[in-house]
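Worksheet for the structure shown next.
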Amino acid sequence: MKILFLNGPNLNLLGQREPEVYGKTTLADIEAMVRKRAAARGATINFRQTNLEGELVGWIQSAKGAFEVIVLNAAAYTHTSVALRDAIAGTGIPTIEIHLSNIHAREEFRHKSLIAGVCRGQITGFGANSYILGLEAAINIIETIKP
Ligand code: CA2
């Protein structure tokens, strides 16, 4: 089971700024947590972060044939990027949208996700645990496709 975790802009700042919104856990802490659970579940993960929209698009495109599922926290690009939506639709790889915060309980501009319609589902508001739930959803998809 090969699962690609992608993280968008500013998530490299997790644990360093705005702890009242995003918590004190760093992205490296989250990666370690996901790695541990993935190993226990027999899955292999690749975990990346970028501040660049085009880099995310490139990673999504080249995931074809290399990964079975993508777990994506597109951060602010969630609300703005038609390019990301098109890339997800274009690869056809099942993609799970995740967020640390509950985007529907925040500012109105965060309520709209441009990628939600091309993702298998959305996990939002469980803090760092959203990543573990994303991993479990990814494994479930893989096991359903290949019983
Ligand atoms: O809740 C999430 O996971 C978000 O994807 C986080 C994005 C935000 O734009 C989305 O609406 C919801 C923001 C990530 C920025 O993270 C920071 C962490 C620390 C300090 C500043 C930003």
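What to note about this one:
- Selected residue (criterion: farthest from the chain's Cα centre (by Cα)) from residues of segment 103-121 that are crowded, with 18+ Cβ neighbours inside 10 Å and not aliphatic (A, V, I, L, M): S113
- Considered as a group, the residues in segment 54-69 that are more than 19 Å from M1 (Cα to Cα) and not acidic (D, E) include one that is surrounded by the fewest Cβ atoms within 10 Å (Cβ to Cβ), and that residue is G54.
- Unmet requirement for R48, which otherwise passes all of (1) at pLDDT 95 or above; (2) surrounded by 14 or more Cβ atoms within 10 Å (Cβ to Cβ); (3) not hydrophobic (A, V, I, L, M, F, W, C): (2)
- Residue within segment 70-77 that is more than 13 Å from the chain's Cα centre (by Cα) and of a type outside the set (D, E, K, R) present: no
- Checklist (1) within 21 Å of G90 (Cα to Cα); (2) within 16 Å of the ligand (Cβ to nearest atom); (3) not in a helix (DSSP H, G or I) applied to L56, failing item: (3)
- Segment 85-113 - residue that is of a type outside the set (V, I, T) and away from the ligand (no atom under 12 Å from the Cβ) and, of those, modelled with the lowest pLDDT: G92
- When T91, T80 are checked against the criterion of being open to solvent by 20 Å² or more (accessible area, probe 1.4 Å), more than 12 Å from the chain's Cα centre (by Cα) and within 21 Å of Q49 (Cβ to Cβ), T80 stands alone in meeting it.
- In segment 1-26, the residues that are closer than 25 Å to A40 by Cα reach residues that are near the ligand (Cβ under 10 Å from one of its atoms) and assigned to a strand (DSSP E or B) with C-beta atoms within less than 7 angstrom, at least six apart or across chains, in these pairs: L6/L72; N7/N73.
The values are calculated or read from the model by the stated rules, or taken from the named source; none is laboratory data. These numbers were taken from a predicted model, which means no experiment stands behind them. Every residue, glycine as well, gets a Cβ built from its backbone with ideal geometry; the counts of neighbours run over all protein chains shown. Accessible surface areas use protein heavy atoms only, side chains included; no ligands, DNA or RNA. Shrake-Rupley method; radii C 1.70, N 1.55, O 1.52, S 1.80 Å.
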